[in-house]
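Peer 1: Below you'll find the structure I mean.
The values are calculated or read from the model by the stated rules, or taken from the named source; none is laboratory data. Model, not experiment: these values are computed from the prediction. In this analysis, Cβ positions are derived from the backbone assuming ideal geometry, glycine residues included, and neighbour counts consider all displayed protein chains.
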Amino acid sequence: MRGYGNKTDRALKKAEKITALICIIATFILLAYQCIASPTLTGGNEEPEVVQASMVPLATVVSEIPTQIPTPTSIPTPTAVPTATPEPTVEVTPEPTPGCPEVIGEPDPVYSFADKERKMLLQITMAEAEGEPLKGKAMVMRVVLNRLEGKKYPNTIEGVIFAEGQFSPILDGRYYSVVPDDDCYEALDMVLNGWDESQGATYFRTIVDYPTWHSEHLQHLFDFGRHAFYKEYDE
């Protein structure tokens, strides 16, 4: 903005000087014309030479006067550029598929055990239910957890599993030698997240076709795989 102002001022000053110079020249020309028209003002025959001598530099000066006065450059007016307003984003929530439950994130675990206790559940399940399907392994884990929640049994995983005479793999040492498979880990995730189809079973044993202590003293609930599941009558 400062540069445009300086140029304009210089052009105006130059125009004023030229206008003043033209006025002076015009005055001289008028005086010279009067001298030529009235010889008595200059004193006789010498006047034409004086006038001619004065006219030469005046003509030269007039020829040097620029014929065009520079026009001040107009200052461009900045154009405001409109800012585009972003359109709001609309999130579309997909409709749930009929017949499929809506899953919202990962479920919070119902049970929270230390790594040592989780390993005990995996070991006893593999020792008792090796060869059983996933659900059969989950049933064994549920029996342990059902006892943990009962009032007649120890209140820790270790206490339930190592209770005297309760789980045969502890007695014969199989508990310490097995390696849990993938189904054991999946079954553990199931029961820790609340899966329960055990009907409250607190006992199980291999299915046989003769009477056992379990069949004579406990309430039979159901059979699954090669195991029969029971609970006490007053539970």
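Peer 1: Only one of E158, E128 is under 49 Å from the mean Cα position of the chain (by Cα), charged (D, E, K, R) and exposed (fewer than 13 other Cβ atoms within 10 Å of the Cβ); which?
Peer 2: E158
Peer 1: Next question, about the same structure. What number of residues in the stretch 218-227 are more than 53 Å from the chain's Cα centre (by Cα) and either assigned by TED's automatic domain parsing to the domain that holds V143 or under 12 Å from R205 (Cβ atoms) (or both)? Explain how you work it out, then say what you get.
Peer 2: First, the residues of the stretch 218-227 that are more than 53 Å from the chain's Cα centre (by Cα): 218-220.
Imposing the further condition that a residue be either assigned by TED's automatic domain parsing to the domain that holds V143 or under 12 Å from R205 (Cβ atoms) (or both) reduces the set to 218, 220.
Residues meeting the conditions: 2.
A quick yes/no check of all residues on (1) surrounded by 13 or more Cβ atoms within 10 Å (Cβ to Cβ); (2) in a loop (DSSP other than H, G, I, E, B):
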| residue | (1), (2) |
| --- | --- |
| M141 | yes, no |
| P154 | yes, yes |
| A163 | yes, yes |
| Y175 | yes, no |
| V179 | no, yes |
| W195 | yes, yes |
| Y210 | no, yes |
| Y233 | no, yes |
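Peer 1: For the list (1) within 22 Å of F222 (Cα to Cα); (2) β-branched (V, I, T); (3) surrounded by fewer than 16 Cβ atoms within 10 Å (Cβ to Cβ), I need the number of the one condition that V110 fails.
Peer 2: Among (1) within 22 Å of F222 (Cα to Cα); (2) β-branched (V, I, T); (3) surrounded by fewer than 16 Cβ atoms within 10 Å (Cβ to Cβ), the lone unmet condition for V110 is (1).
Peer 1: OK, next. If you take the residues of the stretch 212-230 that are assigned to a strand (DSSP E or B) and touching a residue at least 60 places away in the same chain (Cβ under 8 Å), which of them is nearest to P154 (Cα to Cα)?
Peer 2: The residue in question is F229.
Peer 1: Before we move on, is F222 among the aromatic types (F, W, Y) and either touching a Lys or Arg at 6+ places or on another chain (Cβ under 6 Å) or closer than 19 Å to K135 by Cα (or both)? Give the derivation first.
Peer 2: Details: among the aromatic types (F, W, Y): yes; either touching a Lys or Arg at 6+ places or on another chain (Cβ under 6 Å) or closer than 19 Å to K135 by Cα (or both): yes.
In short, yes.
Peer 1: Looking at the stretch 181-193, which of the residues that are outside any loop (DSSP other than H, G, I, E, B) and of a type outside the set (A, V, I, L, M) is surrounded by the most Cβ atoms within 10 Å (Cβ to Cβ)? Walk me through how you get there before you give the answer.
Peer 2: Taking the stretch 181-193 first, the residues outside any loop (DSSP other than H, G, I, E, B) are 182-192.
If we keep only those that are of a type outside the set (A, V, I, L, M) too, we end up with 182-186, 189.
Numbers: D182: 8, D183: 20, C184: 23, Y185: 14, E186: 12, D189: 11.
Looking at residues that are outside any loop (DSSP other than H, G, I, E, B) and of a type outside the set (A, V, I, L, M), I get C184.
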